[in-house]
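> First the structure, which I've put down as structure tokens, then a few questions once you've had a look.
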Ligand SMILES: Nc1ncnc2c1ncn2[C@@H]1O[C@H](COP(=O)(O)OP(=O)(O)O)[C@@H](O)[C@H]1O
Ligand SMILES: [Mg+2]
């Protein structure tokens with residue numbers, strides 16, 4: 001059996017990373033210049049991959065620490081993850097160096113470096129209920145102190161940053177701003193997929209992080225680049241793919257690299273001699289079928305009939321409309337009801353800012369239910 005040359009489900013870098021040269025240039029230039037960035041796009045357009053690729057390409061020129069806020073459920077974990085990421089970027093797995101610097105620069109938090117069962121270094125901090133603000137400030141300052149001491153600039157990436165709102169967001173935002181703005185050796189990349197939440201945080205004058213970072217919107221990829229990528233990958237493992245097939249995959253993926261990789265992975269599994277573009281429909285059928293438990297669960301969680309009918313309408317029409325025909329054809333109520341449902345669905349991350357359903361495969365699943 002041959003190796004499947006496509007990858008999805010985790011960020012890609014190095015040989016798996018395609019194109020995005022323009023965007024990489026902007027990100028690397030900002031990182032090298034100490035300019036903080038706010039990077040946003042809908043899910044799965046390649047934000048994390050882009051940032052990790054920039055980190056890799058910058059190599060030894062710059063220390064870049066990466067923190068994913070998605071799994072973080074408390075202030076304490078946030079402090080530990082940021083401190084841990086910074087310490088590991090600077091000293092890799094050298095536990096004694098990490099411990100020495102933690103003690104020297106962060107003694108107020110009684111830090112401990114521990115070896116996890118996976119052989120990784122984990123950081124434990126002690127935060128009190130009473131003095132947590134001061135202690136968080138110390139944790140936020142750790143990167144600055146370390147970078148200054150090492151005389152090496154540092155970038156801290158805070159991925160899925162919108163999740164901060166689940167950890168007393170506005171207090172933490174204020175604390176962050178008050179410390180980050182004093183940092184001379186560290187710049188920050190805030191990254192996330194909930195555009196309206198991030199936009200509010202960074203462009204509302206009343207919010208702490210107002211205009212703190214240069215905004216950058218990551219768009220879809222160029223279809224012709226994706227077509228070349230598909231062909232190259234098929235050939236690299238001794239497969240074959242026709243022009244019609246690559247065109248079809250690129251067209252239905254609409255420049256979304258995840259969709260391309262996901263569909264191609266399945267097409268390759270079905271046939272690594274993909275001359276007949278019909279194999280693409282078969283691949284999409286397979287993906288939708290295998291994802292149906294997940295989609296059923298999402299559907300179950302959408303209790304309102306208005307929202308379900310609207311999703312059916314979006315799946316058929318591609319995009320939201322407020323016209324009389326749209327309302328009548330899909331038995332919706334009024335345009336203000338549509339607006340309300342769209343907002344709720346956006347909040348759940350099901351619908352994008354432009355009024356389309358974000359997951360192409362979910363669209364296909366809804367269509368198959370009717
Ligand atoms: N530049 C790229 N080249 C090839 N595949 C990519 C690229 N960027 C993203 N992908 C594909 O899309 C998937 C999602 O990428 P990711 O970086 O996790 O997106 P995001 O962080 O925006 O949700 C990856 O698992 C990979 O399959
Ligand atoms: Mg990501």
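> So, in the range 210-256, exactly how many residues are in a loop (DSSP other than H, G, I, E, B) and within 14 Å of ligand 1 (Cβ to nearest atom)? First the steps, then the outcome.
Here is the first cut: in the range 210-256, the residues in a loop (DSSP other than H, G, I, E, B) are 210-213, 218-222, 237-239, 242, 254-256.
Now drop any that are not within 14 Å of ligand 1 (Cβ to nearest atom), which leaves 218-222, 254-256.
Residues meeting the conditions: 8.
> Still on this model: Determine, yes or no, whether residue 2 is under 30 Å from residue 274 (Cα atoms), touching a residue at least 60 places away in the same chain (Cβ under 8 Å), within 16 Å of ligand 1 (Cβ to nearest atom) and part of a loop (DSSP other than H, G, I, E, B).
no
> With the checklist (1) more than 16 Å from ligand 1 (Cβ to nearest atom); (2) touching a strand residue (DSSP E or B) at 6+ places or on another chain (Cβ under 6 Å) in hand, flag the one item residue 61 doesn't pass.
(2)
> While we're on this one: Kindly indicate the residue of the range 52-74 that is closer than 19 Å to residue 197 by Cβ and outside any strand (DSSP E or B) and also farthest from ligand 2 (Cβ to nearest atom) among those meeting that condition. I'd like the intermediate steps shown before the answer.
Within the range 52-74, the first condition is being closer than 19 Å to residue 197 by Cβ, and the residues that meet it are 67-73.
Now drop any that are not outside any strand (DSSP E or B), which leaves 69-73.
Numbers: 69: 11, 70: 8, 71: 12, 72: 14, 73: 18 Å.
So, considering only residues that are closer than 19 Å to residue 197 by Cβ and outside any strand (DSSP E or B), the one farthest from ligand 2 (Cβ to nearest atom) is 73.
> Report whether or not residue 156 is assigned by TED's automatic domain parsing to the domain that holds residue 100, over 16 Å from residue 34 (Cβ atoms) and away from ligand 1 (no atom under 16 Å from the Cβ).
Criteria not met by residue 156.
> Looking only at helices (runs of 4 or more DSSP H) that fall completely inside the range 107-209, which ones have 3 or more residues that are surrounded by 20 or more Cβ atoms within 10 Å (Cβ to Cβ) and away from ligand 2 (no atom under 16 Å from the Cβ)?
Filter on the range 107-209 gives 132-150, 169-180.
> Does residue 2 count as within 30 Å of residue 236 (Cα to Cα), modelled with pLDDT under 95 and more than 21 Å from the chain's Cα centre (by Cα)?
Yes; evaluated as a whole, the condition is true for this residue.
> What helices (runs of 4 or more DSSP H) completely inside the range 286-351 contain at least 2 residues that are surrounded by 13 or more Cβ atoms within 10 Å (Cβ to Cβ) and touching a residue at least 24 places away in the same chain (Cβ under 8 Å)? If you could, list the steps in order and put the result at the bottom.
Working: elements: 305-317, 324-329, 335-347.
In the range 286-351, the matching helices (runs of 4 or more DSSP H) lie at 305-317, 335-347.
> Any residue at all in the range 15-32 that is in contact (Cβ under 8 Å) with a residue 24 or more places away in the chain, assigned to a loop (DSSP other than H, G, I, E, B) and more than 7 Å from ligand 1 (Cβ to nearest atom)?
Among the residues of the range 15-32, not one is in contact (Cβ under 8 Å) with a residue 24 or more places away in the chain, assigned to a loop (DSSP other than H, G, I, E, B) and more than 7 Å from ligand 1 (Cβ to nearest atom), which makes the answer no.
> Would you confirm whether any residue within the range 292-301 is over 22 Å from residue 367 (Cα atoms) and outside the structural domain of residue 349 (by TED's automatic domain parsing)?
No, every residue in the range 292-301 fails to be over 22 Å from residue 367 (Cα atoms) and outside the structural domain of residue 349 (by TED's automatic domain parsing).
> Within the range 40-51, does at least one residue satisfy the condition of being more than 16 Å from ligand 2 (Cβ to nearest atom) and assigned by TED's automatic domain parsing to the domain that holds residue 211? First the steps, then the outcome.
Kept after step one, since they are more than 16 Å from ligand 2 (Cβ to nearest atom), are these residues of the range 40-51: none.
The answer is no, given that none of the residues of the range 40-51 is more than 16 Å from ligand 2 (Cβ to nearest atom) and assigned by TED's automatic domain parsing to the domain that holds residue 211.
> Which residue, of 79, 85, is assigned to a helix (DSSP H, G or I) and either in the same structural domain as residue 350 (by TED's automatic domain parsing) or away from ligand 2 (no atom under 16 Å from the Cβ) (or both)?
Every option except 79 fails the conditions.
> Ok, one more. Among the residues that make up the range 249-256, is at least one of them surrounded by 14 or more Cβ atoms within 10 Å (Cβ to Cβ), in contact with a helix residue (DSSP H, G or I) (Cβ under 6 Å, 6 or more places away or on another chain) and in the same structural domain as residue 182 (by TED's automatic domain parsing)?
No: zero hits.
> Quick one: in the range 39-57, which of the residues that are in contact with a strand residue (DSSP E or B) (Cβ under 8 Å, 6 or more places away or on another chain) and at pLDDT below 95 is farthest from ligand 1 (Cβ to nearest atom)?
In this case the residue turns out to be 40.
> Of all residues in the range 1-34, which are away from ligand 2 (no atom under 16 Å from the Cβ) and loosely packed, with under 15 Cβ neighbours inside 10 Å?
Residues satisfying the conditions are 1, 2, 3, 14, 15, 21, 22, 25, 29, 33.
> Okay, moving on. Scan the range 33-51 for residues that are touching a helix residue (DSSP H, G or I) at 6+ places or on another chain (Cβ under 9 Å), closer than 20 Å to residue 164 by Cβ and part of a helix (DSSP H, G or I) and report the count.
Total satisfying the criteria: 1.
The values are calculated or read from the model by the stated rules, or taken from the named source; none is laboratory data. The model shown is predicted, which means the values in this text are computed figures rather than measured ones. Cβ sites come from the backbone with ideal geometry, for glycine too, and all protein chains shown count toward neighbours.
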